[in-house]
Amino acid sequence: MSARWIADRMHRIDASGIRKVFDLAASMQRPINLSIGQPHYDTPQPVKDALCKAVQEGRNAYSQTQGIAPLLKLLQADVDTRYGHPDRQVFVTSGTSGGLVLALFTLLNPGDEVIVFDPWFVM
């Protein structure tokens, strides 16, 4: 143990395989990275304008835990139209990591086996 304030398990953590992919991409000409929400293009101006308007109107706080009702309703209508399965319901999360954790906690029990591909998404 090199530092008492750092947990021992932290010394076993290595960089993820995704870092190797980033290194490979750095050696390529004009790669397009779609892996972690960093597109190669700028945010469209109407989206920027809507964001600024929302902030100016004070709509920039945490949303309700159960989701924003109008958003859920619109998304559900789209899912119903596209897929037509009455057992499919939308669920909006505040990011990939939180969504994955909730999905895994919902579907898995202690001791269940999970296969994770490498490289994986770093959470």
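Here the extension length gained between residue 29 and residue 41 equals 2.7 nm, from 0.36 nm per residue of separation less the Cα-Cα distance. For the pair residue 20 and residue 53, a Förster radius of 41 Å applied to the C-beta separation gives a FRET efficiency near 0.50, rounded to the nearest 0.05. Computed about the Cα centre, the dipole magnitude for the chain is approximately 300 debye when only Lys and Arg (+1) and Asp and Glu (-1) carry charge, each at its Cβ.
Candidate membrane-span-like segments in the chain, meaning DSSP H helices with Cα atoms spread over at least 20 Å of their own axis and a Kyte-Doolittle mean of -0.5 or above, are 69-83, with no membrane implied. For region 1-117, the relative contact order comes to 10 percent (Cα pairs under 8 Å, sequence separation of at least 6). Computing Rg and Dmax of the Cα atoms in Å for the structure here picks out one of (1) 14.7, 44; (2) 18.1, 63; (3) 20.1, 57, namely (3). Along the chain, the longest continuous region that contains none of the chymotrypsin sites (Phe, Trp or Tyr not before Pro) in a DSSP loop with at most 15 other C-beta atoms within 10 Å is 6-40. Report the longest stretch of the chain that contains none of the trypsin sites (Lys or Arg not before Pro) sitting in a DSSP loop with at most 12 other Cβ atoms within 10 Å. Within the chain, the longest run free of exposed trypsin sites (Lys or Arg not before Pro) spans 5-58.
Each of 105, 90, 74 was placed along the dipole of region 53-123 (beta-carbon charges, centred on the mean Cα), and the one lying farthest toward the positive end is 74.
Go ahead and run the numbers for FRET between residue 68 and residue 102, Cβ-Cβ distance against an R0 of 22 Å, rounding to 0.05. That gives a FRET efficiency of 0.85. By the helix-only formula, in which each DSSP H run with n ≥ 4 contributes -39500 (n - 2.57) and the sum is divided by residues, the chain has a 222 nm mean residue ellipticity of -12000 deg cm²/dmol.
FYI, it's all coordinate maths here, none of it is from the lab. No experiment lies behind these values; they were computed from the predicted model shown. Counting neighbours? That spans all protein chains shown, and the Cβs are built from the backbone with ideal geometry, glycine included.
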